[in-house]
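Visitor: Questions regarding the structure given below will be posed in turn.
The values are calculated or read from the model by the stated rules, or taken from the named source; none is laboratory data. A quick note: this is a predicted structure, and the numbers were derived from the prediction, not measured. Here the Cβ positions follow ideal geometry from the backbone for every residue, glycine too, while neighbour counts run over all protein chains shown. Surface accessibility is based on the protein's heavy atoms, side chains included, excluding ligands, DNA and RNA. Shrake-Rupley method; radii C 1.70, N 1.55, O 1.52, S 1.80 Å.
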Amino acid sequence: MTVVDSSPSTGPAAIDAVPLRHPWRWTAAVVIVVLAALFIYGAATNPAYRWSVYAEYLFNDRIMLGVWNTLQLTVYSMVIAIVLGVLLAVMRLSPNPVFRSVSWVYLWIFRGTPIYVQLAFWGLIPTIYANIQLGVPFGPSFFHLNLQALSIPFILAMLGLALNEAAYMAEIIRAGISSVPEGQTEASTALGMSWGMTMRRTVLPQAMRVIIPPTGNEVISMLKTTSLVTAVPYAFDLYSIATREIAARTFEPVPLALVAATWYLIVTSILMVGQFYLERYYSRGASRKLTTKQLEALAKAQMIGEPHP
Amino acid sequence: MTPPMVKAEQVCKSFGALNVLKGITLEVGKGQVLVMVGPSGSGKSTFLRCINHLEQVNAGRLYVDGELIGYRDRGTKLLEMSPRDAAKQRRDIGMVFQHFNLFPHRTALDNIIEAPIHVKGVKKSEAVARGRDLLDQVGMAEKAGAYPAQLSGGQQQRVAIARALAMNPKLMLFDEPTSALDPELVGEVLGVMKKLAQEGMTMVVVTHEMGFAREVADQLVFMDGGVVVESGPPREVLSKPQHERTKAFLSKVL
């Protein structure tokens, strides 16, 4: 017969085992640290890097303007791309064949041609369509706009980036929506929700978990794609200012490329932090693992339940 | 005379060339419990889904509380109902699914208050009070803040029942509510359903739980191949089945 010992104070001692050793991890780490130190030493002592020039231009006013313009281009075009991408994704999944075809053709064109060509094309819009008139076709005109008189390379660059990105965002969002099980839509419908509310309150919040990681990718990629707006031509983004404006004048391409790289890296790091928090927010309920708060509450309940000797 | 809660007249449903329902005629009185049994693919679930218009009926008529489901009757012709009006009809019909279908990104309480607040426009404080009350009724008061993934199947299904009840439905549909549960969790869900029946809720239940049918149902319907083979008081159908098909089925499940 087995006797079950139920006294709480005489439980088995906690395990205190010798941890598994990992000698090869240490070896590999040492090798990597030595190689990195060699590279840093080489870079620091190599005069070709021109570190004095790098330091001089790192916080240069023109560079800071470039950073600001690049950030603006990234944020504006991403916002437009996400909104348009949601619209295109929903159209693509809609039962309406007109919406489906429009969305398909849009994706076909904007994913099928290089972004550089598209940006160059947007730059040529004022040449192709010199005047915009709004009115009755073949009749009187109410509104007239001369595109060539306006100086709008920033807007054209932003639109060019946004319309291209929207095609990619549409596919990411469509994948996210498709990843939500059908039962979720059914349960919402059975509760009397409309299709739009079901999308907004049930499907999209769950799709976000799938949508955010690739979208973070796209934002970071967009940050760097802005360096192509020189095709419009727009000349005041970070890369254009660092290379075409300053380096071309001072003949110092290496330190200025490093300045640009440094700022791209800093902005990317900030974006990654934002992505981490967004991902954590939208993963609510995705795992059975309890949150810290829930664990504390349970531990407290257990403490109260246990008899104290 | 008040109309029955559910009235089906020759209801037919086909998916393409496949006829799933071949003329179902039945009635469920107010406050009554109808249990539907039958082999897989016999059309029980499809019929249930027709009642709240998750599936569109191809022929025949389906009424809930005297109201035609899914169409507007204009005397000589039927007009397809707009999604808006169909959604309005569904508000009064609660549904519980085999796989619970709780919203995984919302806590138990948030699952329950979601539709009352956003569909019916109930004030949040009222919805929360009612939500806690319902959680208490299904024995889940302590789990209000838990996410569905942290609950057992039986607990999830009880929350799902509370979610459906939060809309104050006049009719509850149960689509194999215990089929995805461990045997020891089945009892807790059936207990909640039994209590609900005793309180006078009209229910249509698709299930394989013959014990529940015998104890709670007012009427038992045996379906096979898209038709009602046999129906009547559960004790009679279960102990003295008239048709060979019913006998064969019951001999396997009892």
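Visitor: Please go through the stretch B:80-91 and pick out each residue that is more than 8 Å from chain A (Cβ to nearest Cβ), not polar (S, T, N, Q) and not in a helix (DSSP H, G or I).
Guide: Listed by number, the residues that qualify are B:Glu80, B:Met81.
Visitor: On to the next question. Restricting attention to the stretch B:219-246, which residues are open to solvent by 30 Å² or more (accessible area, probe 1.4 Å) and within 22 Å of B:Gly23 (Cα to Cα)? Steps first, answer last, please.
Guide: First, pick out the residues of the stretch B:219-246 that are open to solvent by 30 Å² or more (accessible area, probe 1.4 Å): B:219, B:224-225, B:227-229, B:231, B:233, B:235-236, B:239-240, B:242-245.
Within the stretch B:219-246, B:Gln219, B:Asp224, B:Gly225, B:Val227, B:Val228, B:Val229, B:Ser231, B:Pro233, B:Gln242, B:His243, B:Glu244, B:Arg245 qualify.
Visitor: Residues of the stretch A:165-188 being open to solvent by less than 30 Å² (accessible area, probe 1.4 Å) and either assigned to a loop (DSSP other than H, G, I, E, B) or over 16 Å from A:Ala89 (Cβ atoms) (or both), which ones?
Guide: Within the stretch A:165-188, A:Val180, A:Gly183, A:Gln184, A:Ala187, A:Ser188 qualify.
Here's the yes/no breakdown for (1) at pLDDT below 95; (2) open to solvent by 60 Å² or more (accessible area, probe 1.4 Å); (3) assigned to a helix (DSSP H, G or I); (4) within 30 Å of A:Ala166 (Cβ to Cβ):
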{"site": "A:Trp26", "(1), (2), (3), (4)": "yes, yes, yes, no"}
{"site": "A:Val30", "(1), (2), (3), (4)": "no, yes, yes, no"}
{"site": "A:Val34", "(1), (2), (3), (4)": "no, yes, yes, no"}
{"site": "A:Ala44", "(1), (2), (3), (4)": "yes, yes, yes, no"}
{"site": "A:Val53", "(1), (2), (3), (4)": "yes, no, yes, no"}
{"site": "A:Glu56", "(1), (2), (3), (4)": "yes, yes, yes, no"}
{"site": "A:Leu65", "(1), (2), (3), (4)": "yes, yes, yes, yes"}
{"site": "A:Trp68", "(1), (2), (3), (4)": "yes, yes, yes, yes"}
{"site": "A:Val75", "(1), (2), (3), (4)": "yes, yes, yes, yes"}
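Visitor: Examine the stretch B:186-195 for a residue that is more than 12 Å from chain A (Cβ to nearest Cβ) and farther than 24 Å from B:Val253 by Cα, and state whether such a residue exists. Step through it out loud before you land on a result.
Guide: So in the stretch B:186-195, the residues more than 12 Å from chain A (Cβ to nearest Cβ) come out as B:186-195.
Of the ones still in play, those that are also farther than 24 Å from B:Val253 by Cα are B:195.
Yes, some residue in the stretch B:186-195 is more than 12 Å from chain A (Cβ to nearest Cβ) and farther than 24 Å from B:Val253 by Cα.
Visitor: I need the full set of residues from the stretch B:58-73 which are away from chain A (no Cβ under 14 Å) and either open to solvent by less than 10 Å² (accessible area, probe 1.4 Å) or more than 13 Å from B:Gln89 (Cβ to Cβ) (or both), in order please.
Guide: Step one: of the stretch B:58-73, the residues away from chain A (no Cβ under 14 Å) are B:58-63, B:65-68, B:71-73.
Answer for the stretch B:58-73, where residues must be away from chain A (no Cβ under 14 Å) and either open to solvent by less than 10 Å² (accessible area, probe 1.4 Å) or more than 13 Å from B:Gln89 (Cβ to Cβ) (or both): B:Asn58, B:Ala59, B:Gly60, B:Arg61, B:Leu62, B:Asp73.
Visitor: If you check A:Pro253 against the conditions, is it touching a Ser or Thr at 6+ places or on another chain (Cβ under 8 Å) and more than 14 Å from chain B (Cβ to nearest Cβ)? Full working, then the answer.
Guide: On the way: touching a Ser or Thr at 6+ places or on another chain (Cβ under 8 Å): yes; more than 14 Å from chain B (Cβ to nearest Cβ): yes.
Taking the combined requirement at face value, the residue satisfies it.
Visitor: Let me ask something additional. Is it the case that the stretch B:148-165 has a residue that's in contact (Cβ under 8 Å) with a residue 12 or more places away in the chain, within 14 Å of chain A (Cβ to nearest Cβ), crowded, with 20+ Cβ neighbours inside 10 Å and under 16 Å from B:Lys44 (Cβ atoms)?
Guide: No, the stretch B:148-165 contains no residue that is in contact (Cβ under 8 Å) with a residue 12 or more places away in the chain, within 14 Å of chain A (Cβ to nearest Cβ), crowded, with 20+ Cβ neighbours inside 10 Å and under 16 Å from B:Lys44 (Cβ atoms).
Visitor: Sticking with this one: Would the stretch B:129-142 turn up any residue that is in a helix (DSSP H, G or I), more than 25 Å from B:Lys194 (Cβ to Cβ) and modelled with pLDDT of 95 or more?
Guide: Keep residues of the stretch B:129-142 that are in a helix (DSSP H, G or I), which gives B:129-137, B:141-142.
Add one more test, that the residue is more than 25 Å from B:Lys194 (Cβ to Cβ), and what stays is B:129.
Checking which are modelled with pLDDT of 95 or more leaves us with B:129.
The answer is yes; a qualifying residue exists.
Visitor: Something else now. In the stretch A:144-198, what residues are touching a Gly at 6+ places or on another chain (Cβ under 9 Å) and farther than 26 Å from A:Tyr282 by Cα?
Guide: A:His144, A:Pro153, A:Leu156, A:Ala157, A:Gly160
Visitor: If you don't mind, another one. Looking only at residues that are open to solvent by 60 Å² or more (accessible area, probe 1.4 Å) and under 12 Å from A:Ala170 (Cα atoms) in the stretch A:83-107, which one is nearest to the chain's Cα centre (by Cα)?
Guide: Ranking the candidates gives A:Val83 first.
Visitor: What are the residues in the stretch B:100-124 that are surrounded by 18 or more Cβ atoms within 10 Å (Cβ to Cβ), not hydrophobic (A, V, I, L, M, F, W, C) and not in a helix (DSSP H, G or I), if any?
Guide: Result: B:Asn101, B:Pro104, B:His105, B:Arg106, B:Thr107.
Visitor: If A:Met199 satisfies every condition in (1) under 30 Å from B:Gln89 (Cα atoms); (2) crowded, with 23+ Cβ neighbours inside 10 Å; (3) touching a residue at least 24 places away in the same chain (Cβ under 8 Å) but one, which is the exception?
Guide: Of (1) under 30 Å from B:Gln89 (Cα atoms); (2) crowded, with 23+ Cβ neighbours inside 10 Å; (3) touching a residue at least 24 places away in the same chain (Cβ under 8 Å), only one is false for A:Met199: (2).
Visitor: Keeping to the stretch A:150-164, report how many residues are open to solvent by 40 Å² or more (accessible area, probe 1.4 Å) and more than 19 Å from the chain's Cα centre (by Cα). Walk me through it before giving the result.
Guide: Step one: list which residues in the stretch A:150-164 are open to solvent by 40 Å² or more (accessible area, probe 1.4 Å), which gives A:150-151, A:153-155, A:159.
Cutting the leftovers down to more than 19 Å from the chain's Cα centre (by Cα) gives us A:150-151, A:153-155.
So the answer is 5.
Visitor: Another question, if that's okay. Please tell me if B:Gly145 is at pLDDT below 95, within 14 Å of chain A (Cβ to nearest Cβ) and open to solvent by less than 40 Å² (accessible area, probe 1.4 Å).
Guide: Details: at pLDDT below 95: yes; within 14 Å of chain A (Cβ to nearest Cβ): yes; open to solvent by less than 40 Å² (accessible area, probe 1.4 Å): no.
In short, no.
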